[in-house]
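Below: the structure, in structure tokens.
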Amino acid sequence: MRVRILGSGTSTGVPVLGCDCKVCTSSKPHYKRLRSSILISFEGGNALIDTGPDLRQQMLSASAPNVDAVWMTHTHADHLHGLDEIRALSFKRKSPIELWAKQEHLVDIKSRFHYLFQDTGYKGFVPAIETKEVSACFQSLGQKVETVYLPHGHMQTVAYKVGSFAYATDFKKFPPEAIAAWKGRIHTMVASGIRYREHASHSSVYETIQLFKDLEVKRGFIHHLAHDVDADLDASKLPENVQFAFDGLEFDVSKLLE
Ligand SMILES: [Zn+2]
Ligand SMILES: [Zn+2]
Ligand SMILES: [Zn+2]
């Protein structure tokens, strides 16, 4: 199982438009953060988690791999608004792309991108998308996928676990039942930690480090970072088994297990 970080930034991306702070004006390539998303490659196909507004650019940087399934975390713009790129990703496909989401998120997605799901009479290309509702445990691309739901402001986000790898973004905290479900069962995890200061609906960097401890995660990557985080300067604040993710970072989960 291979994971590629397609984007590691918060909702604005970094640099933030119009900002002249040290991080936003840095010329270091790993300081440029597109909106958060990952691609997981299995033998059975490729799963994309979220379709943010930078999806086209992210897929071009990844040499345009096939996407066989999309697993949505939630419907905030920075995670959903690139969904239209599914059209181009479908051109050569013979079978529909699976789109997995929570029931209320599917309703929201179908309302905002109604033309992808309804017959509008348009004569051009319309992608084949098979919507599917996530449950605590489901099968996608031949993989057993487990989920937990996490509080994020007024909504819940879906966190995904496949084997010993887990991905969670945009959450305030893991509720006790989610900790109980996944504790000691995750080797490698990508989780959001927006900045050092507390945030009303996001876990901070420090809270995410504590979460990795609570879940007994062996290798942690923190993403969905705002421009408050200076990745090089702040790396020393992280425990040895935790690092900041960056765009284009790839790892083989089974190699990290060795
Ligand atoms: Zn977000
Ligand atoms: Zn800035
Ligand atoms: Zn969000």
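The values are calculated or read from the model by the stated rules, or taken from the named source; none is laboratory data. Since this is a predicted model, take the numbers as computed values, not measurements. Cβ placement follows ideal geometry from the backbone for every residue including glycine, while neighbour counts extend to all protein chains displayed.
Points worth noting:
- Of all residues in the range 173-193, those satisfying the criterion of being away from ligand 1 (no atom under 16 Å from the Cβ) and part of a strand (DSSP E or B) are 188, 189.
- Taking the criterion of being assigned to a strand (DSSP E or B), under 21 Å from residue 255 (Cα atoms) and touching a residue at least 40 places away in the same chain (Cβ under 8 Å), the residues of the range 131-165 that qualify are 143, 145, 160, 162, 165.
- Only helices (runs of 4 or more DSSP H) whose full extent lies in the range 44-111 are considered here, and the ones with at least 3 residues that are at pLDDT below 95 are 86-90.
- Across the range 205-221, the number of residues qualifying as assigned to a helix (DSSP H, G or I) and of a type in the set (Phe, Trp, Tyr) comes to 2.
- Residue 214 meets each of the listed conditions (1) in contact with a Lys or Arg (Cβ under 8 Å, 6 or more places away or on another chain); (2) farther than 29 Å from residue 42 by Cα; (3) among the acidic types (Asp, Glu) apart from (2).
- For the range 1-22, the set of residues classified as surrounded by fewer than 23 Cβ atoms within 10 Å (Cβ to Cβ), among the hydrophobic types (A, V, I, L, M, F, W, C), in contact (Cβ under 8 Å) with a residue 24 or more places away in the chain and within 11 Å of ligand 2 (Cβ to nearest atom) consists of 16, 19, 21, listed by residue number.
- For the residues 77, 128, 136, 88, the requirement of being within 16 Å of ligand 1 (Cβ to nearest atom) and surrounded by fewer than 17 Cβ atoms within 10 Å (Cβ to Cβ) singles out 77.
- Boolean, residue 54 is surrounded by 22 or more Cβ atoms within 10 Å (Cβ to Cβ) and over 19 Å from residue 137 (Cα atoms): yes
- Residue-level analysis places residue 165 outside the set of residues that are surrounded by fewer than 19 Cβ atoms within 10 Å (Cβ to Cβ), away from ligand 3 (no atom under 16 Å from the Cβ) and of a type in the set (Phe, Trp, Tyr).
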